[in-house]
Each structure stands twice: as C-alpha cells, then as structure tokens.
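Structure first, then comments.
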Amino acid sequence: MNKSTMDEIKEICEICGYNNHKIILNKGKIGKFGEYGKLEIIQCQKCGHVVKADRRSYEEDKEFFKNTYHSLNTQTLDDEELIKSQIKRSEGIVRYLSSKFPENKNLLDLGCGHGYVMQNFMSKGYKCSGIDPDKLTVDYAQNKGSLDIKLGSAEELPYPDESFDVLISL
C-alpha cells in the first residue's frame, strides 16, 4: 500500500478497481500491547467501499489463526464477564435487525467465536450458523451444545450460495 499524503492511500479497490482511498479512521495499535497491529480504516473515493488498510493475505490469515490468535485471546472459556459482554454487545444489533428482518431468517455469524452472540439471535427466532477460523474455539463451541459452528473463513464458506438472509461479523 502506498501513501501519497497523510490522508490519501493509493490502493486498488477490490470492488471497483479505483486506486484512491482516504483514511476515515485511525485507531493506532490495537489489542493487548498492540499485538493485532494498527487499525486503519480506508474508504474508496469512487464507490465508497470501506475496508481495513494493510490487510493480511488469506494465507497469512490462516497462519495467524492457526498459530497466534488463540494465544492472544487467553480468557477462560467459562468467564461469566466475557459471556455477558458478548451478549450485551449484540443486543442493539439484534433489536435493529429484528426490525428489518423478521424471525425465521437464516443468519451466518462470521467469526462467531464461542457462539454467545448467535444465542442472542436464536432467542429472537433466527436460525443461526457460525464460522470461525480458530480451531480451539470451534471445538469448544461444538462440544458445549447444539450450535451449528464450523471451522473456516469468509474466503471459503462451507455453505451453498444463498444459504443465508442475514450475515453479521461483530
């Protein structure tokens, strides 16, 4: 990625092919001690597509989730505070989407983790499936209950096209 000025980034848009983006958010280093790197959000100046700058390649992502991600997220799996925060985090989204999409809709949660957000949607009548790239998280979620959670990524969904009415990634 090439920066021509502090605010402008020359990067090819994956949607429209235009090569001019503007930084719309810069959070600096994120994660405990900045392990996740910097969070810089850019927007294509032609089509408006919004994306994180300096993204890892698909192969780099696979390696990150296989070898690093889980060690950065070492919360205990039965941490009540963590569970409550995940459920609370989704309440506004559930209210909003429930007003737009009535119950009995098929929902896919990308990066679903342990499935706590999915449980909130299920309580409102959604049929939920989840996908997460962290094997330990998926194994835990599959063993703890009846959640439909699969190991995988958004780049290679293990579902037929048009399987879902709603997609979230919180």
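The values are calculated or read from the model by the stated rules, or taken from the named source; none is laboratory data. Just so you know, these numbers come straight off a predicted model, no measurement behind them. Please note: Cβ atoms are built from the backbone with ideal geometry, for glycine as well, and neighbour counts cover all protein chains shown. All accessible areas refer to the heavy atoms of the entire protein, side chains included, with ligands and DNA or RNA removed. Shrake-Rupley method; radii C 1.70, N 1.55, O 1.52, S 1.80 Å.
Filter the range 39-59 down to residues that are under 19 Å from residue 11 (Cα atoms), open to solvent by 80 Å² or more (accessible area, probe 1.4 Å) and either at pLDDT 80 or above or not in a loop (DSSP other than H, G, I, E, B) (or both), then give me how many there are.
Qualifying residue count, the range 39-59: 2.
Considering only the range 131-140, I want to know if a residue exists there that is in contact with a Gly (Cβ under 9 Å, 6 or more places away or on another chain) and within 17 Å of residue 93 (Cα to Cα).
no
Table: residues versus (1) under 18 Å from residue 162 (Cα atoms); (2) under 16 Å from the mean Cα position of the chain (by Cα).
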{"site": "86", "(1), (2)": "no, yes"}
{"site": "93", "(1), (2)": "no, yes"}
{"site": "96", "(1), (2)": "no, no"}
{"site": "105", "(1), (2)": "yes, no"}
{"site": "109", "(1), (2)": "yes, yes"}
{"site": "117", "(1), (2)": "no, yes"}
{"site": "122", "(1), (2)": "no, no"}
{"site": "126", "(1), (2)": "yes, no"}
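From the list 139, 148, which one is of a type in the set (Asp, Glu) and modelled with pLDDT of 90 or more?
Numbers: 139 fails: modelled with pLDDT of 90 or more.
The match here is 148.
Take the range 79-121 and flag every residue that is within 25 Å of residue 65 (Cβ to Cβ) and among the hydrophobic types (A, V, I, L, M, F, W, C).
82, 83, 87, 93, 107, 108, 110, 112, 117, 118, 121
What pairs can you find where one residue is in the range 80-97 and without any contact (Cβ under 8 Å) to a residue 60 or more places away in the chain and within 12 Å of residue 124 (Cα to Cα), the other is open to solvent by 60 Å² or more (accessible area, probe 1.4 Å) and not hydrophobic (A, V, I, L, M, F, W, C), and their Cβ atoms are less than 6 Å apart, with a gap of 6+ or different chains?
94/124
For the range 122-143, enumerate the residues that are within 16 Å of residue 87 (Cβ to Cβ) and without any contact (Cβ under 8 Å) to a residue 40 or more places away in the chain.
So the first thing to find is which residues in the range 122-143 are within 16 Å of residue 87 (Cβ to Cβ), and the list is 122-124, 126, 128, 130, 141.
122, 123, 124, 128, 130, 141, listed by residue number.
Check whether at least one residue in the range 76-88 is open to solvent by 60 Å² or more (accessible area, probe 1.4 Å) and under 25 Å from residue 51 (Cβ atoms), and report yes or no.
No: zero hits.
Specify which of the listed residues (168, 83, 131) is under 29 Å from residue 62 (Cβ atoms), at pLDDT below 85 and of a type outside the set (Lys, Arg).
Numbers: 168 fails: at pLDDT below 85; 131 fails: at pLDDT below 85.
Only one candidate passes the filter, namely 83.
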